[in-house]
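Take a look at the structure set out below.
The values are calculated or read from the model by the stated rules, or taken from the named source; none is laboratory data. Nothing here was measured: the structure is a model prediction, and the numbers come from that model. Please note: Cβ atoms are built from the backbone with ideal geometry, for glycine as well, and neighbour counts cover all protein chains shown. Protein only, heavy atoms only, side chains kept; ligands, DNA and RNA dropped before computing areas. Shrake-Rupley method; radii C 1.70, N 1.55, O 1.52, S 1.80 Å.
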Amino acid sequence: GHQYFIDGTVVQGAQRGRTIGFPTANVETTNELLPPFGVYATTASLDGIVYPSVTNIGVRPTVDDSGRVSIETHIFNLDRELYGAPIRVGFVQRLRDERAFESLDALKAQIQADCDRARTLFERLSL
């Protein structure tokens, strides 16, 4: 009867997201069950406030070849330091599979499209 969520802590990442205009909270979690790799419309709860967001779960094939699984959440309209903060990421709707892009520009365009799609969804849900 409620959305799946993961609890975690915001940890420092490579800070690539902020260089392309989409800063992310890198979530470290002890949850053993993660949704399948992909991009999701999500909510991010910080200090009792729920923010709309977009989350990627996967191995970031365009920018990383280590194969390490990461959880990265871009929180809409939030610009503050979050390192060490507890966070709850709630999964609202799957947007697409994770995939490799031919360039950072193509990745950036897709992230913008993902954010636009999530914002439209959140407007319909009155989040």
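Computed values, structure above
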| item | result |
| --- | --- |
| Within region 11-28, considering residues that are of a type in the set (S, T, N, Q) and surrounded by fewer than 16 Cβ atoms within 10 Å (Cβ to Cβ), the one farthest from LEU121 (Cα to Cα) | GLN12 |
| Matching residues, region 74-115, being of a type outside the set (Val, Ile, Thr) and under 14 Å from PRO52 (Cβ atoms) | HIS74, PHE76, ASN77, LEU78, ARG88, GLY90, PHE91, GLN93, LEU95, ASP114, CYS115 |
| Within region 45-127, strands (runs of 3 or more DSSP E) holding 2 or more residues that are open to solvent by less than 80 Å² (accessible area, probe 1.4 Å), within 22 Å of GLY8 (Cα to Cα) and touching a Leu at 6+ places or on another chain (Cβ under 7 Å) | 49-58, 86-96 |
| Hey, GLY8 more than 23 Å from ALA109 (Cβ to Cβ), small (Gly, Ala, Ser) and either out of contact with any Gly (no Cβ under 8 Å at 6 or more places or on another chain) or open to solvent by less than 30 Å² (accessible area, probe 1.4 Å) (or both) or not | yes |
